[in-house]
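Some notes on the structure that comes next.
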Amino acid sequence: MDHGFLSLVPALVAIGLAVVSRNVVLSLFTAIAVAGVIHARALGAGLLHAVDDTMVGAIADADHARTLLFTVLIGGMVGVIGRSGATRALVAVLARRAKSPRSVQVLSWLSGLVVFFDDYANCMIVGSAMGPLYDEHRLSRDKLAYIVDSTAAPVASLALVSTWVGFEVSVVEEGLKVAGQDIEPYAFFLQGWPYRFYPILALVLVGWVTTLGRDIGPMQRETFTEAVKSTGDEREEGGAPWWAAVIPVVLLVGVTLFELWRTGAPEAGPNARLYEVLANADGYGAIVHGSLVALAAAMIASVATRGADFAESFEAMLGGMKLMLEALVILILAWALSSAMKELHAPQYLVTVMQNALPAVLLPTVVFVVGAAISFAVGSSYTTMGIMMPMVVPLAFELAPDGGLIPLAASGSVLAGACFGDHCSPISDTTVLSSIGSGSPLLSHVRTQLPYALLAGAVSILIGTLPAGFGVNPWVSLVLGVVVLGAVMRVVGKPPIPVED
């Protein structure tokens, strides 16, 4: 049944309610209920349909179930290596090389790149571990919060194995299903990786800021601030060595890559290219197998190094899994809303409305801007990805029926725009966690970080998404973006201005 404009109402409800209530779970659940009522044209039957068919169907999907399992296992691994003290020990090893204010900042950036597997863990571990060094060198905690925040989500978003990747691949898969494209989602996800200009350039900008020792905006006057007292419930950590954190992560990546090759190579045949192997691989199974091995390795390393005994490690594993509960709920609700929007034929309606009004060359840029606006308003990258991807991918294939690069650029813009808006939002979880972990007041962190985020966003549009729409190679744009950001920081950026304590 064609519902016309009504098919877009659930997405508008999700966005609007999230802005008003700042409750992502409530907003998604309400949107799913509205979709059910529109579909059934009755209140009672619509609510039952939303629960019995839409939400249960989202959980029952095999690939969805494996994504949930992977997310839980990674949460458990993060909990174990954190409780054993191994991750903090790894950061401490890097911190020993910090001999000057500039080297402290560079090490903060590098430490954020090392803790790539989870943005929440990144915010809390790097922020708390590096804080004392910032005080020792009389550096602003606002500067630490910027470095942590601008590294945590971007690197977790870009990493090929992280707590983000399962969700990102799953929403890409939903978009491909709605578009009727028989393409392996993990392979499509990897091919679109270089089109995610914002998170890549945000990481590069942090590198320029830390190595050049120059700042822009309000950060220029933030040389030293007292840390905000933590309100968290810190648990005593063990004394496991740094390699107890490295081994599980290496195994996670190694086993996942091996499984991708093992399952994809026989199907792709001899002399197959890498993307052909990945296109035939069992991506979800590979990630689950890798996370199982990594969790087992983290448990063994924790006990063997006496960072924590088995009971404590097991408790930490359960605690890490519990921390992923909200992410799991959002995952399920985002999948359910995607299914409901597809059932209402919302993507087809959007395609019909926009295919004659929006040139294909502008689609990556428009998607990036709209995604950033939604993510800023709701403070959630996951919600933005879940809402936009099932509508953007079909639209991209419709505007570019011969395929080409537009669908890759558009899907990459969804993921990049969601990260950009989340970065700027004061109600984003990673913004808040970066502030808490680094000991920086929230509003001060938002105020000092915003100019950097806007700079990376502007360069992402002017040198990234706009040229991508005209078919420019994304790697060329990325190289040019790196150069431009360095030049801007060299010309516009200035050394911090000393202020009185």
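The values are calculated or read from the model by the stated rules, or taken from the named source; none is laboratory data. Given the structure is predicted, the values throughout are model-derived calculations rather than measurements. Using ideal geometry, Cβ is built from the backbone for each residue, glycine included, and neighbour counts are taken over all protein chains shown.
When the test is whether a residue is among the polar types (S, T, N, Q), part of a helix (DSSP H, G or I) and closer than 23 Å to VAL303 by Cβ, THR87 passes it.
Check every one of the helices (runs of 4 or more DSSP H) wholly within the range 1-82 and list those with 1 or more residues that are under 20 Å from SER170 (Cβ atoms). Show your work before the answer.
Working: elements: 9-21, 24-40, 43-49, 56-60.
Qualifying helices (runs of 4 or more DSSP H): 9-21, 24-40, 56-60.
Quick grid of which residues meet (1) crowded, with 17+ Cβ neighbours inside 10 Å; (2) at pLDDT below 70; (3) basic (Lys, Arg):
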| position | (1), (2), (3) |
| --- | --- |
| VAL209 | yes, no, no |
| ARG214 | yes, no, yes |
| GLY217 | yes, no, no |
| THR223 | yes, yes, no |
| GLU226 | no, yes, no |
| LYS229 | no, yes, yes |
| GLU234 | no, yes, no |
| ALA244 | yes, no, no |
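Can you tell me how many residues in the range 2-61 are of a type in the set (Phe, Trp, Tyr) and either surrounded by 22 or more Cβ atoms within 10 Å (Cβ to Cβ) or touching a Leu at 6+ places or on another chain (Cβ under 9 Å) (or both)? Full working, then the answer.
Just the residues of the range 2-61 that are of a type in the set (Phe, Trp, Tyr), to begin with: 5, 29.
Checking the rest, the ones that are also either surrounded by 22 or more Cβ atoms within 10 Å (Cβ to Cβ) or touching a Leu at 6+ places or on another chain (Cβ under 9 Å) (or both) come to 29.
Within the range 2-61, residues that are of a type in the set (Phe, Trp, Tyr) and either surrounded by 22 or more Cβ atoms within 10 Å (Cβ to Cβ) or touching a Leu at 6+ places or on another chain (Cβ under 9 Å) (or both) number 1.
Quick check on the range 104-136: of everything there that is at pLDDT below 80 and of a type in the set (Gly, Ala, Ser), which residue is farthest from the chain's Cα centre (by Cα)? For the range 104-136, the residue satisfying everything is GLY131. Looking only at the range 181-206, filter to residues that are of a type in the set (Gly, Ala, Ser) and under 17 Å from CYS419 (Cβ atoms); which one of those is surrounded by the most Cβ atoms within 10 Å (Cβ to Cβ)? Per the stated criteria, the residue is ALA202.
Scanning the range 398-422 for residues that are within 23 Å of LEU344 (Cα to Cα) and at pLDDT 90 or above yields PRO407, ALA410, SER411, VAL414.
When VAL367 is tested against the conditions (1) modelled with pLDDT of 85 or more; (2) over 26 Å from ASP2 (Cβ atoms); (3) in contact with a Leu (Cβ under 9 Å, 6 or more places away or on another chain), the lone failure is (2). A Cβ distance below 7 Å, combined with a sequence gap of six or more or placement on separate chains, defines the contacts here; from the range 343-370, residues that are assigned to a helix (DSSP H, G or I) and of a type outside the set (A, V, I, L, M) reach residues that are modelled with pLDDT of 70 or more and surrounded by fewer than 19 Cβ atoms within 10 Å (Cβ to Cβ) in the pairs TYR349/GLY4; TYR349/LEU8; THR365/LEU466.
Scanning the range 294-326 for residues that are within 15 Å of GLY75 (Cα to Cα) and surrounded by fewer than 20 Cβ atoms within 10 Å (Cβ to Cβ) returns ALA296, PHE314, GLU315, LEU318, GLY319, LYS322, LEU323, LEU325, GLU326.
Taking the stated definitions as given, is ALA416 over 24 Å from ASP119 (Cβ atoms) and assigned to a helix (DSSP H, G or I)? Steps first, please.
Numbers: over 24 Å from ASP119 (Cβ atoms): no; assigned to a helix (DSSP H, G or I): yes.
When the stated conditions are applied, ALA416 does not pass them.
Among the residues here, THR448 qualifies as among the polar types (S, T, N, Q), in contact with a Pro (Cβ under 6 Å, 6 or more places away or on another chain) and assigned to a helix (DSSP H, G or I).
Checked against (1) closer than 26 Å to ARG221 by Cβ; (2) at pLDDT 95 or above, LEU480 passes all but condition (1).
Annotation note: of LEU73, LEU48, the sole residue that is modelled with pLDDT of 80 or more and closer than 30 Å to ALA298 by Cβ is LEU73. Residues of the range 184-206 that are out of contact with any Ser or Thr (no Cβ under 6 Å at 6 or more places or on another chain), modelled with pLDDT of 85 or more and among the hydrophobic types (A, V, I, L, M, F, W, C): PHE188, PHE189, LEU190, TRP193, ILE200, LEU203, VAL204, LEU205.
Just need a number here: residues in the range 119-143 that are in a helix (DSSP H, G or I), more than 14 Å from THR430 (Cα to Cα) and either touching a Phe, Trp or Tyr at 6+ places or on another chain (Cβ under 7 Å) or among the aromatic types (Phe, Trp, Tyr) (or both). Steps first, answer last, please.
Quick first cut of the range 119-143, residues in a helix (DSSP H, G or I) only: 119-136, 141-143.
Now narrow it down to the ones that are more than 14 Å from THR430 (Cα to Cα): 128-136, 141-143.
Within this subset, residues satisfying the condition of being either touching a Phe, Trp or Tyr at 6+ places or on another chain (Cβ under 7 Å) or among the aromatic types (Phe, Trp, Tyr) (or both) are 134, 141.
Result for the range 119-143: 2.
Just one of the numbered conditions (1) farther than 30 Å from GLY307 by Cβ; (2) surrounded by fewer than 23 Cβ atoms within 10 Å (Cβ to Cβ) is not true of ARG66: (1).
A quick yes/no check of all residues on (1) farther than 21 Å from VAL169 by Cβ; (2) among the hydroxyl-bearing types (Ser, Thr, Tyr):
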{"residue": "PHE368", "(1), (2)": "no, no"}
{"residue": "PHE376", "(1), (2)": "yes, no"}
{"residue": "MET388", "(1), (2)": "no, no"}
{"residue": "GLY412", "(1), (2)": "no, no"}
{"residue": "LEU415", "(1), (2)": "no, no"}
{"residue": "CYS419", "(1), (2)": "no, no"}
{"residue": "SER428", "(1), (2)": "yes, yes"}
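The condition (being of a type in the set (Gly, Ala, Ser), assigned to a helix (DSSP H, G or I), out of contact with any His (no Cβ under 9 Å at 6 or more places or on another chain) and under 24 Å from GLY127 (Cβ atoms)) is satisfied by just one residue among GLY421, GLY464: GLY421.
Filter the range 397-443 for residues that are on the phi > 0 side of the Ramachandran plot and free of Cβ contacts under 8 Å to residues at least 12 places away in the same chain and give the result.
The first filter runs over the range 397-443 and keeps only residues on the phi > 0 side of the Ramachandran plot, leaving 403-404, 439.
Matches in the range 397-443: GLY403 only.
Only residues that are among the small types (Gly, Ala, Ser) and surrounded by 24 or more Cβ atoms within 10 Å (Cβ to Cβ): list them for the range 165-180, please. Residues satisfying the conditions are GLY166, SER170, GLY175.
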